[in-house]
Amino acid sequence: MAQRALIVDDEPDIRELLEITLGRMKLDTRCARNVKEAREWLAREPFDLCLTDMRLPDGTGQELVQLIQQRYPQTPVAMITAYGSLDTAINALKAGAFDFLTKPVDLARLRELVATALRLRSPAQPGDGSVDSRLLGDSPPMRLLRKQIAKLSRSQAPVYISGESGSGKELVARLIHELGPRSEQPFVPVNCGAIPSELMESEFFGHKKGSFTGAVEDKPGLFKAADGGTLFLDEVADLPLAMQVKLLRAIQEKAVRAVGGQQEVAVDVRILSATHKDLAGEVAAGRFRQDLYYRLNVIELGVPPLRERREDIALLAERSLQRLAAECGLDAAQLSDEALEKLKNYRFPGNVRELENMLERAYTLCEDDVIQASDLRLGDAPAPGSGESAGGNLTQIDDLEDFLENIERQAIMQALEETRWNRTAAAQRLGLSFRSMRYRLKKLGID
Ligand SMILES: Nc1ncnc2c1ncn2[C@@H]1O[C@H](COP(=O)(O)OP(=O)(O)OP(=O)(O)O)[C@@H](O)[C@H]1O
Ligand SMILES: [Mg+2]
């Protein structure tokens with residue numbers, strides 16, 4: 001059976017244009033001139049897609065988006081907005097529209113949008129296997145997060161994922177991509193903090209051969225690499241201001257121009273972004289552009305810190321230990337009751353990643369495959385920034401050199417992990433010269 005689309009617009013010309021284009025894509029179309037007629041069609045038969053104008057004689061497209069969200073959530077709805085009315089488009093996305101289209105309607109864009117909508121089948125079930133098996137945790141905040149992921153994966157709206165370091169932001173971004181209609185296309189993660197600023201433009205937009213020294217061949221760039229899929233801007237707060245302007249333009253125009261290139265090429269990417277920093281605070285401090293913030297943060301998804309879902313710790317630890325054992329082909333270690341109790345009471349400033357690292361270390365230390373509380377090495381060196389470091393615990397220190405070295409090691413390891421082991425970027429993040437970084441790595445025996 002042909003798939004069916006509902007077109008809602010009061011202008012006959014636009015209705016006709018949409019009908020013809022969708023008809024050529026082998027869709028059955030129905031047309032409504034106003035909200036009332038749209039309601040009647042929706043009540044009569046199921047639709048695989050609805051395209052609605054914003055302003056209608058007897059109401060707004062926004063109203064229809066809301067109605068469809070409530071009564072016919074399996075029908076994706078896209079809003080057609082006047083050119084330049086970004087507010088309307090963003091409000092529609094917030095209300096649950098899966099995408100928007102600006103007038104004058106660009107037919108290539110329209111076809112892309114329709115094709116994406118038709119790839120959405122029935123709503124991904126919250127509790128769907130693939131989300132469950134990778135995003136662990138059955139606490140109320142995790143259940144809610146899973147539901148939100150399932151819902152947002154159907155939308156094309158930009159999502160800003162906030163949350164502490166190591167809490168699972170990248171995992172969440174991957175799941176949004178994999179559960180959505182773009183899953184067959186690439187997911188391209190970019191660590192914005194790790195790209196040297198002079199290479200940034202060419203990394204994002206590509207370059208033409210010979211456009212600068214070292215450009216020995218054409219390079220497509222990250223936007224092109226993510227075409228049809230999802231671009232994940234990780235650590236987005238670290239983008240230099242000059243790059244923020246260019247990025248905003250690319251997102252708005254849905255087109256990029258390679259360094260040394262002549263014309264802009266259209267790209268179709270969904271943008272997800274994340275940072276462990278407070279992005280609104282970065283805006284207030286003038287380090288992040290308000291307009292880009294507004295464009296990226298259409299929907300904010302918060303990933304809860306591990307300490308707010310302590311009931312998940314046991315499961316996460318168990319799975320982590322199983323994975324570690326499987327990697328070396330050995331038996332999984334068990335946590336002693338006391339060790340588990342200690343984990344449940346720990347603050348985990350580094351969240352799930354810290355738990356994983358801690359268990360990995362403990363696994364190599366423990367005897368007879370039982371991890372004791374002492375193997376966890378908790379308490380002897382609280383992580384920097386845990387709020388309980390240095391000052392609070394001074395009485396327990398019996399070797400200051402050791403203590404300081406531990407803090408130094410943790411800060412450096414964290415910076416290295418956050419920059420995917422890019423030593424230059426890690427040094428920059430810590431305010432160290434590269435030379436001093438190298439010295440410290442050597443001293444601490446970090447490879
Ligand atoms: N709910 C979860 N279930 C299972 N594994 C998880 C969960 N949350 C996070 N992880 C794991 O924890 C590690 C850190 O997750 P991730 O890289 O997504 O964090 P992040 O928030 O992006 O961290 P950062 O701010 O440092 O970039 C990964 O190995 C990830 O697979
Ligand atoms: Mg990350």
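Numerical summary
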item	result
Every residue from region 70-123 that is surrounded by 15 or more Cβ atoms within 10 Å (Cβ to Cβ), within 23 Å of the chain's Cα centre (by Cα) and part of a loop (DSSP other than H, G, I, E, B)	P76, G96, A97, F98, L120
Complete set of residues in region 61-95 that are among the hydrophobic types (A, V, I, L, M, F, W, C) and more than 21 Å from R33 (Cβ to Cβ)	L86, A89, I90, L93, A95
Of all residues making up region 23-69, the number that are loosely packed, with under 14 Cβ neighbours inside 10 Å and not basic (K, R)	7
Scope region 157-181; condition away from ligand 2 (no atom under 14 Å from the Cβ), in a loop (DSSP other than H, G, I, E, B) and surrounded by fewer than 22 Cβ atoms within 10 Å (Cβ to Cβ); matching residues	A157, P158, L179, P181
Qualifying residue in region 6-19 (condition: touching a helix residue (DSSP H, G or I) at 6+ places or on another chain (Cβ under 8 Å), buried (at least 19 other Cβ atoms within 10 Å of the Cβ) and within 24 Å of E253 (Cβ to Cβ))	yes
Pairs with Cβ under 7 Å, 6+ apart, first in region 125-151 and exposed (fewer than 13 other Cβ atoms within 10 Å of the Cβ), second modelled with pLDDT of 95 or more and outside any helix (DSSP H, G or I)	none
Selection status of V188, part of a strand (DSSP E or B) and out of contact with any Asp or Glu (no Cβ under 9 Å at 6 or more places or on another chain)	yes
Residue in region 210-220 that is assigned to a strand (DSSP E or B), within 16 Å of ligand 2 (Cβ to nearest atom) and surrounded by fewer than 22 Cβ atoms within 10 Å (Cβ to Cβ) present	no
Residue tally, condition within 17 Å of the chain's Cα centre (by Cα) and among the aliphatic types (A, V, I, L, M), over region 195-224	1
Residues of region 292-312 classified as surrounded by 14 or more Cβ atoms within 10 Å (Cβ to Cβ) and farther than 30 Å from E341 by Cβ, total	9
Residues of region 288-336 classified as closer than 30 Å to P158 by Cβ and in a helix (DSSP H, G or I), total	12
Residues located in region 1-26, provided they are touching a residue at least 24 places away in the same chain (Cβ under 8 Å) and farther than 22 Å from I68 by Cα	L17, T21, M25, K26
Filtered residue count, region 409-421, keeping only those that are out of contact with any His (no Cβ under 9 Å at 6 or more places or on another chain) and either of a type in the set (D, E) or within 14 Å of ligand 2 (Cβ to nearest atom) (or both)	7
Cβ pairs under 6 Å, 6+ apart, first in region 268-281 and in contact (Cβ under 8 Å) with a residue 24 or more places away in the chain and assigned to a loop (DSSP other than H, G, I, E, B), second within 11 Å of ligand 2 (Cβ to nearest atom) and among the acidic types (D, E)	H276/E164
Qualifying residue in region 337-354 (condition: assigned to a loop (DSSP other than H, G, I, E, B), touching a helix residue (DSSP H, G or I) at 6+ places or on another chain (Cβ under 6 Å) and not assigned by TED's automatic domain parsing to the domain that holds F403)	yes
Condition met for F187 (away from ligand 2 (no atom under 16 Å from the Cβ) and either within 18 Å of G260 (Cβ to Cβ) or under 16 Å from the mean Cα position of the chain (by Cα) (or both))	no
From the options K94, K26, K36, residue that is out of contact with any helix residue (DSSP H, G or I) (no Cβ under 8 Å at 6 or more places or on another chain) and under 16 Å from L118 (Cα atoms)	K26
Hey, E318 away from ligand 2 (no atom under 16 Å from the Cβ) and in contact with an Asp or Glu (Cβ under 9 Å, 6 or more places away or on another chain) or not	no
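Residues checked against (1) in contact with a strand residue (DSSP E or B) (Cβ under 9 Å, 6 or more places away or on another chain); (2) more than 21 Å from N422 (Cα to Cα):
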residue: I176; (1), (2): yes, yes
residue: Q185; (1), (2): yes, yes
residue: N191; (1), (2): yes, no
residue: P196; (1), (2): no, no
residue: L199; (1), (2): no, no
residue: V216; (1), (2): no, yes
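The values are calculated or read from the model by the stated rules, or taken from the named source; none is laboratory data. What you see is a predicted model; the values in this text were computed from it and never measured. Cβ atoms come from the backbone with ideal geometry, glycine included; neighbour counts cover every protein chain shown.
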